[in-house]
There are 2 protein chains.
Amino acid sequence: MTPEKMHGGRRGRGRPQSFDRTQALCAAMRLFWDRGYDGTSFDDLIATMGISASSFYNAFGSKEALYHEAIDTYMSVAGAWLFAILNEDADTRTVFQDLTTAAASEFTRDDLPAGCMISVAATQCSPAQTRLRDLLASHRTRSEDAMADRLRKGVEAGDLPAGTDIGALAAFYGSLLRGMAVQARDGASRERLLEIARIGMQAWPAGQARSV
Amino acid sequence: MTPEKMHGGRRGRGRPQSFDRTQALCAAMRLFWDRGYDGTSFDDLIATMGISASSFYNAFGSKEALYHEAIDTYMSVAGAWLFAILNEDADTRTVFQDLTTAAASEFTRDDLPAGCMISVAATQCSPAQTRLRDLLASHRTRSEDAMADRLRKGVEAGDLPAGTDIGALAAFYGSLLRGMAVQARDGASRERLLEIARIGMQAWPAGQARSV
DNA sequence: TTTTTTCTGGTGTCATCGCTCCATAAATCC
DNA sequence: GGATTTATGGAGCGATGACACCAGAAAAAA
């Protein structure tokens, strides 16, 4: 085990890295986000990250290891809004309203690639990438489970009818978010995504005031 | 221009093909459907199709040309249910109800790959595949436009309120279908997809009886 | 300064990918 | 049957992908 490649601690003995690891990782994340795993070549990566092949290999181990790190970074940084909103202290309906509208905004930021890095990744891939596919699918499941948990709390709090099908409702909003991610990648505007979000909230259980 | 590689007419002059072109095309379609364009290699293709490299190249021209043919085949065969339902002579709400439930069934057939070949394809790809990405995106747009057209007829027929935002509603159901396609690829059951479809129909405009 | 430890650029390697060429086999037309 | 036309199998090609190695450079520790 190497001693974690000096995390800020900066007390290694030899020559220090000439590049910012975090920054390089972020650059890689954006590239993977935009082009997917297969669509991003080794050469693209080191060019974008501004480092040499050996530095790359030395600092990140392999393309696949870097992808894992990029996913983790995405989950804890760029995709953190989802879990943050699910932990909001608000009415359950409000939480999901915020969730869908935030998705519309986050999927169309002009400082980041469109859509979501996880939502649609590795749904079609070669048998050699089964591990990657499973990883991505598990992340999707995790997001959906988090939504289900929040819905369950909503039922307990009386925000939702007792008989509400938690799993189905979470799957519905999960589907909607993933569909919105595809739309975003196809170039849909933020306004269009907000309209989709608004209509999606019309499906919220039990009688609300409705309008179209 | 070669004379269309003898379509059934069987009146070419030289040695006849030893394989069924349509059947080989179908096999290729399934492989592309399952693994995507990048995830499907030349060798995978000719192995599955049961032909040699030169036969492949002779009969289909290139991997990309074959992909185009596979997409066309999908649209006119495996994905035909969508347009068929949109042309049904029924109440607009019924049409969309049928659409979403049919999607649940079609996305989980046990004789075909899960999900949809078009919905989620090439959303993340290398710059070299911009053409492919645009092609897929245009197919998605076409499906959504077809839904919008049907909704417009619904407004004209009085099935929907005059002020209905056609584009937004079509985008909503487009998103839902694409999300369902991802769920299907991740292994969601037909029942789960039907639940998603059912909830999606709760978002239908104007006061319907509602229950969860 | 010397030693030690680590980073860095450049080059090389091995596999795979999509594709092509060529000699040959198998049909049809005369 | 002979000529013509087309398909087939097999070998191989150039490009690219991901990775590995090595000699040298640079900084901390002694």
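The values are calculated or read from the model by the stated rules, or taken from the named source; none is laboratory data. A quick note: this is a predicted structure, and the numbers were derived from the prediction, not measured. Please note: Cβ atoms are built from the backbone with ideal geometry, for glycine as well, and neighbour counts cover all protein chains shown. For the accessible areas, the whole protein counts, side chains as well, though only heavy atoms, and no ligand, DNA or RNA atoms are used. Shrake-Rupley method; radii C 1.70, N 1.55, O 1.52, S 1.80 Å.
Odds and ends about this structure:
- Ranking B:Arg15, A:Arg142, A:Arg150, A:Arg109 by solvent-accessible area of protein heavy atoms (1.4 Å probe, all protein chains present), from largest to smallest, gives B:Arg15, A:Arg142, A:Arg109, A:Arg150.
- Taking every C-alpha pair closer than 8 Å and separated by at least 6 residues, the mean separation divided by the residue count of segment B:80-201 gives a relative contact order of 39 percent.
- Overall, the protein assembly as shown carries a charge dipole of about 960 debye about its Cα centre when +1 sits on the Cβ of Lys and Arg and -1 on the Cβ of Asp and Glu, all other atoms neutral.
- For segment B:33-66 versus segment B:94-160, the gap between their alpha-carbon centres in whole angstrom: 25
- The Cβ shell under 14 Å around B:Glu64 holds other residues with a net charge of -1, Lys and Arg each +1, Asp and Glu each -1.
- Over chain B, relative contact order from alpha-carbon pairs under 8 Å, at least 6 apart, %: 21
- Placing +1 on the Cβ of every Lys and Arg and -1 on the Cβ of every Asp and Glu, with no other charges, gives segment B:80-201 a dipole of roughly 440 debye about its Cα centre.
- Each principal axis of the Cα atoms in the protein assembly as shown has its own extent, and those three values, largest first, are 79, 60, 33 angstrom.
- Size of chain B: Rg and Dmax of its alpha carbons, in Å, are 19.9, 67.
- Acute angle (nearest 10 degrees) that the helix B:92-106 long axis makes with the longest principal axis of chain B, alpha-carbon atoms: 40
- Accessible area in square angstrom per residue, the protein assembly as shown, 1.4 angstrom probe: 46
- Accessible area buried, both sides summed, chains B and A with 1.4 Å probe, Å²: 4000
- Solvent-accessible area, 1.4 Å probe, carbon plus sulfur percent, for the protein assembly as shown: 49
- Largest to smallest accessible area among B:Glu69, A:Glu191, B:Glu144 [probe 1.4 Å]: A:Glu191, B:Glu69, B:Glu144
- Of A:Ser54, A:Ser143, A:Ser76, the residue with the greatest mean-square motion in the GNM of chain A, using alpha carbon springs below 10 Å, is A:Ser54.
- A:Ala146 versus B:Ile166: modelled label distance in nm, points set 7 Å from Cα along the beta carbon direction: 3.9
- Relative contact order for segment B:61-150: 27 percent, from Cα pairs under 8 Å spaced at least 6 residues apart, divided by residue count.
- Estimated from helices alone, the mean residue ellipticity of the protein assembly as shown at 222 nm is -19000 deg cm²/dmol (sum of -39500 (n - 2.57) over DSSP H runs with n ≥ 4, per residue).
- Evaluating kT/(6 pi eta Rh) at 25 °C and 0.890 mPa s, with the Kirkwood radius of segment B:80-201 over Cα pairs in the Stokes-Einstein relation, gives 163 µm² s⁻¹.
- Computed lengthening from B:Glu156 to B:Arg190, 0.36 nm per intervening residue step minus Cα-Cα distance: 8.9 nm
- C-alpha long axis of helix A:166-185 to longest principal axis of chain A, angle in °: 60
- Karplus-derived 3J(HN,Hα) values for segment B:120-136, using 6.51 cos²θ - 1.76 cosθ + 1.60 with θ = phi - 60°, are 10, 6, 6, 7, 10, 7, 6, x, 5, 10, 4, 4, 4, 4, 5, 4, 4 Hz; glycine and proline are entered as x.
- Between A:Arg131 and A:Ser18, the simple label model (points 7 Å from Cα in the Cβ direction) yields a spacing of 3.2 nm.
- Label spacing, shortest first and in nm, from B:Ala65 to its equivalents in the remaining copies (7 angstrom along Cα→Cβ): 4.4
- In segment B:173-191, the residues whose accessible area drops by at least 30 square angstrom when the other protein chains are added to the isolated chain are B:Ser175, B:Leu176, B:Arg178, B:Gly179, B:Val182, B:Gln183, B:Arg185, B:Asp186; the probe is 1.4 Å and only protein heavy atoms count.
- For segment B:21-73: rounded, prolate or oblate by the Cα gyration tensor [a/c cutoff 1.5]: rounded
- Projecting the Cα atoms of A:Ala103, A:Ala114, A:Ala70 onto the charge dipole of chain A, computed from C-beta unit charges around the Cα centre, puts A:Ala70 farthest toward the positive end.
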